[in-house]
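Some notes on the structure that comes next.
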Amino acid sequence: PCSSTASTSEATRGRDQLMDDIAARTQQVEQLKAHLAALQERNSAVEISNVMLRGENASVADTANDLEHSLRLAEDSRARLEQ
């Protein structure tokens with residue numbers, strides 16, 4: 001009887017430890033899920049910024065091309081006037 005009680009008590013302690021471990025792991029999983037969700041949200045924001053920056057880059061490139069074209073026209077006009 002005494003050894004049966006001791007083994008039952010030991011089994012109960014073991015079960016309680018496993019339950020505590022499961023609870024801790026469950027909490028870690030929830031924290032990781034929240035962290036993942038935050039990273040996914042941040043990634044979406046970065047992707048949106050990237051698209052916007054690509055658009056701005058294209059606009060700046062177009063403006064630079066327009067300025068280069070205007071400069072060539074002005075240089076050609078000046079060259080004709082100097083002749």
- Query: Within region 1-48, can you find the residues that are over 43 Å from the mean Cα position of the chain (by Cα) and among the polar types (S, T, N, Q)?
  - Reply: Ser3, Ser4, Thr5, Ser7, Thr8, Ser9, Thr12
- Of the residues Ser4, Ser59, which is in a helix (DSSP H, G or I), surrounded by 10 or more Cβ atoms within 10 Å (Cβ to Cβ) and not basic (Lys, Arg)? Ser59
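Values in this text are rule-based calculations from the coordinates and carry no lab data. Only a predicted model underlies this, so the values are computations on that prediction, with no experimental measurement involved. Reconstructed Cβ throughout: ideal geometry from the backbone, glycine too, with neighbour counts over all protein chains shown.
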